[in-house]
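Here is the structure we will look at, set down as structure tokens.
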Amino acid sequence: MKTILVTGSNGLLGQKIIYALLGKSDIRCISTSKGANRMLVKDGYTYESLDISDKQEVANVFAKYKPDAVINTAALTNVDACELRKEEAWKLNVEAVENLIEVCEQYNTHLVHLSTDFVFDGENGPYIETDIPNPQSYYATTKYEAEKRIQQSSLSWSILRTIIIYGVVDDNSRSNVVLWTINSLREKKTINVINDQYRSPTLAEDLADACIQAALRKAKGIFHVSGRETMCILDMVRIVADYFHLDQQYINPISSASLNQPAKRPPVTGFIIQKAEKELDFKPLSFLEGLGIVKRQLMEVGVAL
């Protein structure tokens with residue numbers, strides 16, 4: 001039986017990974033996150049409270065479970081927060097990864113680490129794995145620095161870069177572009193939506209499957225893992241509004257420059273995902289298929305649509 005430890009399991013991707021692992025009888029799943037376990041299902045896995053920026057806590061959990069693989073989804077991912085709270089961003093996105101590298105080397109544990117399309121400057125998207133990063137924000141810088149540390153280690157490792165993850169967590173407490181659109185338009189709130197940035201939205205369940213395959217196969221190297229379709233964020237929001245029969249008059253198109261966010265965003269990313277398709281058996285759903293899953297899950301958590 002293989003032991004897989006997941007960090008950040010209270011988050012959207014972390015929850016999806018845990019639920020996917022519950023269906024595998026040959027996997028012992030260790031779920032970890034800061035504070036209490038916020039998943040509705042408490043059986044079929046072991047939960048440990050873990051702050052990966054605390055070196056001693058990390059050492060203690062690894063000594064207890066000696067995992068074959070770790071899937072690290074824990075990070076400070078709010079791009080503007082990273083720009084404004086640089087010390088915290090460095091601690092969670094770089095130093096914490098250094099802690100994981102150290103224990104993974106000690107226990108010969110395969111590390112699956114999540115990174116981002118934001119490591120690129122967005123001038124030449126869509127990107128393949130061998131394209132040269134050029135981070136434009138502090139968030140992107142911390143993620144790229146973590147990538148470099150992993151690559152320079154003696155570890156067995158996979159780095160999965162991804163783009164705009166969407167989906168529903170158990171208590172519907174986490175927002176993302178799809179849920180933000182649904183909730184805002186249902187309340188008839190005007191929303192400012194970027195009309196000059198292009199991304200490939202990624203269903204959390206699809207990304208979770210890729211993470212698990214990377215862990216089980218001990219896949220080596222960098223993988224680009226996202227939805228197939230690259231689209232303007234404005235179009236993304238309009239598709240969501242149309243799918244859920246919401247009034248588009250509350251959508252206000254706005255340019256990146258006029259939004260005046262603290263952190264700079266890459267204008268055009270998107271990924272070529274052929275390597276993940278070949279080596280991780282990655283088969284992402286279309287955006288519309290993903291919205292179907294979101295709709296079903298929102299109804300399951302009691303949202304009237």
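The values are calculated or read from the model by the stated rules, or taken from the named source; none is laboratory data. Everything numeric in this text was worked out from a predicted model, so none of it was measured. Note: ideal-geometry Cβ built from the backbone for every residue, glycine included; neighbour counts use all protein chains shown.
Does region 68-78 include one or more residues that are surrounded by 13 or more Cβ atoms within 10 Å (Cβ to Cβ), over 22 Å from Ala204 (Cα atoms), in contact (Cβ under 8 Å) with a residue 24 or more places away in the chain and out of contact with any Pro (no Cβ under 9 Å at 6 or more places or on another chain)? Give the derivation first.
Pass one, region 68-78, residues surrounded by 13 or more Cβ atoms within 10 Å (Cβ to Cβ): 68-78.
Subset that is over 22 Å from Ala204 (Cα atoms): 68.
Those left that are additionally in contact (Cβ under 8 Å) with a residue 24 or more places away in the chain: 68.
Remaining after also requiring out of contact with any Pro (no Cβ under 9 Å at 6 or more places or on another chain): 68.
So far as region 68-78 goes, yes, one or more of its residues are surrounded by 13 or more Cβ atoms within 10 Å (Cβ to Cβ), over 22 Å from Ala204 (Cα atoms), in contact (Cβ under 8 Å) with a residue 24 or more places away in the chain and out of contact with any Pro (no Cβ under 9 Å at 6 or more places or on another chain).
Residues Val193, Val225: which one is in contact with a Pro (Cβ under 9 Å, 6 or more places away or on another chain), farther than 21 Å from Val112 by Cα, crowded, with 19+ Cβ neighbours inside 10 Å and modelled with pLDDT of 95 or more? Even if it seems obvious, please write down each step before you answer.
Numbers: Val225 fails: farther than 21 Å from Val112 by Cα.
Within the list Val193, Val225, the selection yields Val193.
Would you check if Gln56 is of a type in the set (S, T, N, Q), surrounded by 15 or more Cβ atoms within 10 Å (Cβ to Cβ) and either under 21 Å from Val168 (Cβ atoms) or without any contact (Cβ under 8 Å) to a residue 12 or more places away in the chain (or both)?
Numbers: of a type in the set (S, T, N, Q): yes; surrounded by 15 or more Cβ atoms within 10 Å (Cβ to Cβ): no; either under 21 Å from Val168 (Cβ atoms) or without any contact (Cβ under 8 Å) to a residue 12 or more places away in the chain (or both): yes.
No: the conditions fail for Gln56.
Evaluate the following for Asp131: is it in contact (Cβ under 8 Å) with a residue 60 or more places away in the chain and out of contact with any Cys (no Cβ under 8 Å at 6 or more places or on another chain)? Walk me through it before giving the result.
Values: in contact (Cβ under 8 Å) with a residue 60 or more places away in the chain: no; out of contact with any Cys (no Cβ under 8 Å at 6 or more places or on another chain): yes.
So Asp131 does not fit the description; no.
Count, please, the residues in region 244-297 that happen to be in a loop (DSSP other than H, G, I, E, B) and either at pLDDT 95 or above or in contact with a helix residue (DSSP H, G or I) (Cβ under 8 Å, 6 or more places away or on another chain) (or both).
In the first step, residues of region 244-297 are kept if they are in a loop (DSSP other than H, G, I, E, B); the result is 244-247, 255, 260-267, 269-270, 272-273, 280-286.
Subset that is either at pLDDT 95 or above or in contact with a helix residue (DSSP H, G or I) (Cβ under 8 Å, 6 or more places away or on another chain) (or both): 244-247, 255, 261-267, 269-270, 272-273, 280-286.
Final tally of qualifying residues: 23.
Return the residues of region 228-264 that are farther than 25 Å from Ile293 by Cα and either among the hydroxyl-bearing types (Ser, Thr, Tyr) or surrounded by fewer than 17 Cβ atoms within 10 Å (Cβ to Cβ) (or both); say none if nothing qualifies.
Taking region 228-264 as the starting set, the residues that turn out to be farther than 25 Å from Ile293 by Cα are 249, 252-264.
Residues satisfying the conditions are Gln249, Asn252, Pro253, Ile254, Ser255, Ser256, Ala257, Ser258, Leu259, Asn260, Gln261, Pro262.
Would you check which residues across region 265-290 are within 24 Å of Phe118 (Cβ to Cβ), out of contact with any Leu (no Cβ under 9 Å at 6 or more places or on another chain) and surrounded by fewer than 21 Cβ atoms within 10 Å (Cβ to Cβ) and list them?
Pro267, Val268, Ile272, Gln274, Lys275, Glu277, Glu279, Ser286
From (1) assigned to a loop (DSSP other than H, G, I, E, B); (2) surrounded by 18 or more Cβ atoms within 10 Å (Cβ to Cβ), pick out the condition that doesn't hold for Lys188.
Against the list (1) assigned to a loop (DSSP other than H, G, I, E, B); (2) surrounded by 18 or more Cβ atoms within 10 Å (Cβ to Cβ), Lys188 comes up short only on (2).
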